[in-house]
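As structure tokens, the structure follows; a few thoughts come after it.
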Amino acid sequence: MKQISRRINLIIGPLLLAACIFLLPQSVFAEFGARAAIGTVAWMAFWWVTAPVDYAVTAFLPIAVNAVIQMADMDAVIANYASETILLLLGASILTVSWERTGLDRRIAISFLNLIGSNLRKQIVFWYLVSAVLSAVLPNAVVCATITPIAVSMLNYIGEKDVANSKIASKILLTIAYAAGVGGLATPLGGAMNLVVVDYIQQLTGQEYMYIEWVVKFLPIMIVLVVSNILFMIRDIDKKENLGGSTEYFANELKNMPRMSLEEKLSLALFVIATVLSFTRQLYQGLLPGLKPAYVFIICAVISFLIVDKDGNRLLVWKSVQSKIIWELIYIFAGGLAAGTLINNSGAAEAIGVMVSHMGLEGGLLTVFVIILLTLLLSDVTSNTATAAVSIPIVISIMQGIGIDPLPYVYVATIGVNLSFMLPTSIRAIPVGYGLQPKYMLKEGVKMSVIVLVLMTACGYLLFVM
């Protein structure tokens, strides 16, 4: 039965592509490539959820399909598989391989368990707040790529190595991904998508936009999002459910650990240096404009191969390291980026925007709902930045066309631009790379999206429009 189900799922994937090509209305999606791009994303989403092939294999569909059906420039599609973020993930993955070799992963795990405690609800709240706060001023991918391996080290120590079948591990990794995405809305520094919005606001007003105004406007939104997200994640967790082991046990384990070896200190130092330099880029950006976070991680990863132990043996050798790098994570992330490129470069995103502009929106609650729904869905299949670049000018055009001040609706669109929960695209590819099942992500993400859509429609209308 499993083989039959797998074969059926294999066939349904390309059938979804064909259905989109021939059944989507040409009055809306006039370009053949636009319909094919939507079909390709549908195919990828279905295969990621049903898993008839490995997730990484699905990630290469944009290249394969685009080679047969020209939807976008192939160079633009392929570039996603060697983007800066991919290099960042590769560098971070190499650095964390050294943790296992030195025993640093065990020390980190015990330290965090001793600090937070083993109560699962407290763990969820801790990882959510840490990720959200960091994402307010840092790129979401950097936050998710650095926080996730720390959490994975802790999970491995307590025996939760099978993320796909572990409720505890799945909850914590999904929490980090959600928080890293939501946190970006808090300030304009939370991601490039917000800077795109700021640029359009300055064009609208003809004045320099003060970042503090952003923080004040979105603070109530952030409170609602953080509280609702945390409540959603802990809704089915018993108050007494824990990861195993008491606080006293973890404190005793930490106390009995041997002193850090030189190799362990160097492994930790390289990861900390890469993380700190990524988090403080604005301090040296003028002096070293080319030293972006991705390249910092690659440089530190290269240096990690130079470490030798007290006997003169190299800590890391590529032959052994490459077997421990989470290649699936890297390819899934790249595949999500490539899918976004197809949607944007084929004209599909623009066609969706035109369709919305013809819906006869007249402002008010319904318009807020449609804008958030559109941006929320687009952010799930393409990057947040691309969604902002496509949707903000469309929102401005629609509102100006009906004689309504577009600024409140730009703020409304900004909410949806920063939110996405369902598919393993963008930073949500990171937990999937560590073993989280896309089926679980979709199931939880649909629920979370519905909740957020209702809450944000109400908040956007009450705070910005009414």
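Over what distance in Å are the Cα centres of region 9-65 and region 321-393 separated? The two parts, judged by their Cα centres, are 15 Å apart.
Remark on Asn119: its backbone amide H falls under 5 Å from those of Leu243, a criterion applied only to residues 5 or more positions apart or on other chains, H modelled at 1.01 Å from N. Take the Cβ atoms of Lys319 and Asp162, set R0 to 30 Å, and the FRET efficiency comes out at 0.70. Across region 47-112, counting alpha-carbon atoms alone, Rg and Dmax equal 17.7, 52 Å. Classify region 1-94 from the C-alpha gyration tensor, please: rounded if a/c falls under 1.5, else prolate or oblate depending on whether a/b exceeds b/c. Because a/c hits 1.5 or more and a/b fails to exceed b/c, region 1-94 counts as oblate. Kirkwood radius, region 427-466, all distinct C-alpha pairs, inverse of mean reciprocal distance: 11.8 Å.
FRET efficiency for Ile11 and Ala67, Cβ-Cβ distance as r, R0 = 30 Å, nearest 0.05?
On the way: r = 21 Å, r/R0 = 0.69.
With a Förster radius of 30 Å, E is 0.90.
Straight-line reach from Lys265: taking Cα to Cα under 15 Å and skipping same-chain neighbours fewer than 8 places apart, the aspartates and glutamates in range are Glu100, Asp105, Asp309. Tell me which aspartates and glutamates have Cα within less than 13 Å of Lys292's Cα, excluding those fewer than 8 residues away on the same chain? Within the straight-line cut-off, Lys292 pairs with Glu84. Per-residue Karplus couplings for region 203-211, computed as 6.51 cos²θ - 1.76 cosθ + 1.60 with θ equal to phi - 60°, are listed in order as 5, 5, 8, x, 10, 5, 8, 7, 4 Hz, Gly and Pro entered as x.
Taking the Kirkwood radius as Rh and the Cα radius of gyration as Rg, region 221-346 has a ratio of Rg/Rh equal to 1.07. The length gained by stretching the chain between Lys265 and Lys443 to full extension, at 0.36 nm per residue less their Cα-Cα distance, is 60.0 nm. Here region 1-121 exposes an accessible surface that is 64 percent carbon and sulfur, computed with a 1.4 Å probe and the other protein chains kept in place.
Out of every Cα-Cα pair in region 77-152, what percent are more than 14 Å apart?
On the way: 1949 of 2850 pairs.
I get 68 percent for the Cα pairs in region 77-152 exceeding 14 Å.
The calculated 222 nm mean residue ellipticity attributable to helices in the chain amounts to -22500 deg cm²/dmol, summing -39500 (n - 2.57) over DSSP H runs of n ≥ 4 and dividing by all residues.
The distance separating the Cα centre of region 250-264 from that of region 110-145 comes to 22 Å. The share of accessible area on region 190-268 that comes from carbon and sulfur is 59 percent, using a 1.4 angstrom probe.
Based on protein heavy atoms only, the chain ends up with 43 Å² per residue of surface accessible to a 1.4 Å probe. Along the chain, the exposed loop sites are trypsin sites (Lys or Arg not before Pro) outside DSSP states H, G, I, E and B with at most 13 other Cβ atoms within 10 Å, and the longest stretch free of them is 1-160. Note on region 310-437: Kirkwood hydrodynamic radius from all Cα pairs is 16.6 Å, rounded to one decimal. Using the alpha-carbon positions of region 103-257, Rg (one decimal) and Dmax (whole number) come out as 18.2, 63 Å.
Amide H contacts for Val308 (H built 1.01 Å from N in the peptide plane; partners 5 or more residues away or on another chain; cut-off under 5 Å): Leu315.
Taken over the C-alpha atoms, region 101-194 has Rg and Dmax values of 13.6, 40 angstrom. Solvent-accessible area assigned to carbon and sulfur over region 358-466 amounts to 69 percent, based on a 1.4 Å probe. Shown for region 164-241 is the translational diffusion coefficient from the Stokes-Einstein equation, using the Kirkwood radius over Cα pairs, a temperature of 10 °C and a viscosity of 1.306 mPa s: 109 µm²/s.
Note: region 263-315, Cα convex hull, 68 Å³ per residue.
For the chain, the spread of Cα coordinates along the three principal axes comes to 72, 51, 51 Å, biggest extent given first. Cross-link check: pairs Lys2/Lys171; Lys239/Lys324; Lys2/Lys319; Lys255/Lys310; Lys217/Lys239 evaluated at a Cα-Cα cut-off of 29 Å; pairs beyond the cut-off: Lys239/Lys324; Lys2/Lys319; Lys217/Lys239.
The values are calculated or read from the model by the stated rules, or taken from the named source; none is laboratory data. If you're wondering where the values come from, they're calculated on a predicted model, not measured in any experiment. All Cβ positions, even for glycine, are placed from backbone atoms using ideal geometry, and neighbour counts span all protein chains on display. SASA here: full protein model, heavy atoms, side chains in, ligands and nucleic acids out. Shrake-Rupley method; radii C 1.70, N 1.55, O 1.52, S 1.80 Å.
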